[in-house]
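Taking it in order: structure first as structure tokens, then the write-up.
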Amino acid sequence: QVQLVESGGGLVQAGGSLRLSCAASGRTLSSYAMGWFRQAPGKEREFVAVISWSGGRTSSADSVKGRFTISRDNAKNMVSLQMNSLKPEDTAVYYCAAGRTYYGTELSKYDYWGQGTQVTVSS
């Protein structure tokens, strides 16, 4: 079993930056692909970014390319999402997820999820 806890969310003005962190316990993350997803009010949860177990491969949604960067530190059992040039449309609850045998964008194929952290971007 893996427990994931997100942190770093908050209120920021448009154009600002936030860094989200996801800390894992219960098992090492080094063998899991890790993803970030978000869910805005009234919308479905959507893919944001994913990183392979080694950190050697990443992918992100077109809406955040060039602004968000996913990274991981397996020694610390943590994954981060650096978010720059934030826009009001980035407002959502952000979730991290761990995929034991999956690297991709499909929510249903991730095995463990955190509780989420709220990001609010004001215009």
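The values are calculated or read from the model by the stated rules, or taken from the named source; none is laboratory data. Since we're looking at a predicted model, the values are computed, not measured. Cβ placement follows ideal geometry from the backbone for every residue including glycine, while neighbour counts extend to all protein chains displayed. Note: areas computed on protein heavy atoms with side chains; ligands, DNA, RNA excluded. Shrake-Rupley method; radii C 1.70, N 1.55, O 1.52, S 1.80 Å.
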Problem set entry | Answer residue from the stretch 7-31, given it is surrounded by 15 or more Cβ atoms within 10 Å (Cβ to Cβ) and out of contact with any Ser or Thr (no Cβ under 9 Å at 6 or more places or on another chain) and is farthest from V119 (Cα to Cα) among those | R27
For this session: Return yes when R72 is of a type in the set (D, E, K, R), under 13 Å from the mean Cα position of the chain (by Cα) and over 22 Å from S122 (Cβ atoms) and no when it is not.
Result: yes
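Kindly evaluate S52 against the criterion of being in contact (Cβ under 8 Å) with a residue 12 or more places away in the chain, more than 15 Å from the chain's Cα centre (by Cα), farther than 30 Å from S123 by Cα and open to solvent by less than 60 Å² (accessible area, probe 1.4 Å).
On the way: in contact (Cβ under 8 Å) with a residue 12 or more places away in the chain: yes; more than 15 Å from the chain's Cα centre (by Cα): no; farther than 30 Å from S123 by Cα: yes; open to solvent by less than 60 Å² (accessible area, probe 1.4 Å): yes.
Spelling it out, it is not the case that S52 is in contact (Cβ under 8 Å) with a residue 12 or more places away in the chain, more than 15 Å from the chain's Cα centre (by Cα), farther than 30 Å from S123 by Cα and open to solvent by less than 60 Å² (accessible area, probe 1.4 Å).
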Exercise. With respect to L4, is the statement that it is part of a strand (DSSP E or B), surrounded by fewer than 14 Cβ atoms within 10 Å (Cβ to Cβ) and out of contact with any His (no Cβ under 7 Å at 6 or more places or on another chain) true?
Worked result: no
